[in-house]
Amino acid sequence: MRSCDRCRAGFYQDATGQAACLPCVPGKYQDERNSSACKLCAANHFANETEMTKCHVCAIGTVARDPGAAACQACIAGSYGASCSKCPPGRYRTGDDSDVTQCRECPAGFNQPENGTTYCLGCEAGQFADSSALPSCKRCPAGKVVLEKRTTDVADCQPCEITGTVPNDAQSECFQPVVNGLAGVPEERQRWTEGGTYAYSVRLNFQPPAPVTVVVDITAAAAAPA
C-alpha cells in the first residue's frame, strides 16, 4: 500500500482523504511541511502571492497594521519611517512629501506642540522661536514685547517705548495701566457747573474692537469752591 505524501512548505491540507494539497493564499504562508493550516503574516509583513513560505517585511515608509496583509500601505501624512510612526512635536510631514523616511523640521519662527501633524504653527506676537524643530515658541523676556508674528530672534523683543506704558499679559503690545476702571481723567478738582456735562478722553479696562470715546457725566451737587 502506497503512503500519503506530505504537503510541502507553502501548502496545507485540513481534511483527510484528499488527493492534493492547497496553496497558502496571499496574506498567509507556511514554512513547514505536513501542515494542516497556513500562518498569518505578522503586522508590518505581507505575502502578495500564493504558496509563500515566508512573508516580506514592509519597506520603510509603508505599513501593514493588521496581521494577514497581502500588501503594505504607504504612510499617511503626518507619519514616516518604519511602521509609519507619527511625526514628533516640532516636526511635520505633508501628504505630497515623497520622502517617507523622515519628517520635516518646523523652521525658526514656527512651532508644533502636537505629534502626527502636517503643518507648523507660526509664533504669535509676544513670542519667538530662534531655532528649528521647536515644540513650542518662547516668550519674550519679562518687561519686553514683540508686535510681529513668526519672530525668530529674542533681540526683537523690546521694552515699551512710550513712558507710562507696560506690556500686556501676552507681551504682544504695550498699554497704559488703568486705575479704578478709567484712565485719562484728570485727578485735580475741576471747576464744575451744576448740571454741566464734561467730556474727557479715557481708556477702558478692556480691549475694544476699535477706538471709542466714553463720555463721563459729572453733575455737581454743591457750588464749586471759590
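Observations
- Note on R65 and Q18: the model spin-label points, each 7 Å out from Cα along the C-beta direction, lie 3.3 nm apart.
- Binning all Cα-Cα separations of segment 93-186 at 10 Å, short to long from zero, yields these whole-percent fractions: 17, 34, 24, 15, 7, 3, 0.
- All distinct Cα pairs of segment 36-93 go into the 1/r average, and the inverse of that average, the Kirkwood radius, is 12.1 Å.
- Segment N168-A82, extension gain: residue separation times 0.36 nm, minus the distance between their alpha carbons: 26.3 nm
- Counting only Cβ charges, +1 for Lys and Arg and -1 for Asp and Glu, the dipole size of segment 29-188 around its Cα centre is about 700 debye.
- Summed side-chain charge close to R6 - residues other than R6 whose Cβ falls under 11 Å, Lys, Arg +1, Asp, Glu -1: 0
- Exposure proxy order (Cβ contacts within 10 Å, fewest to most) of T117, T152: T152, T117
- Using the Cβ of C58 as centre and a radius below 15 Å, the other residues enclosed give a net charge of +1, where K and R count +1 and D and E count -1.
- Net +/- balance of residues flanking G109 in space, Cβ distance below 14 Å, scoring K and R +1, D and E -1: -3
- Binned Cα-Cα distances of segment 1-140, short to long, each 5 Å bin given as a whole percent: 2, 11, 14, 12, 10, 9, 8, 7, 7, 5, 5, 4, 3, 2, 1, 1, 0, 0, 0
Readers should treat all values here as calculations from the given coordinates under stated rules, not as data from a laboratory. Not measured: the values here are computed from a predicted model. Neighbour counts run over all protein chains shown; Cβ positions are idealised from the backbone, glycine included.
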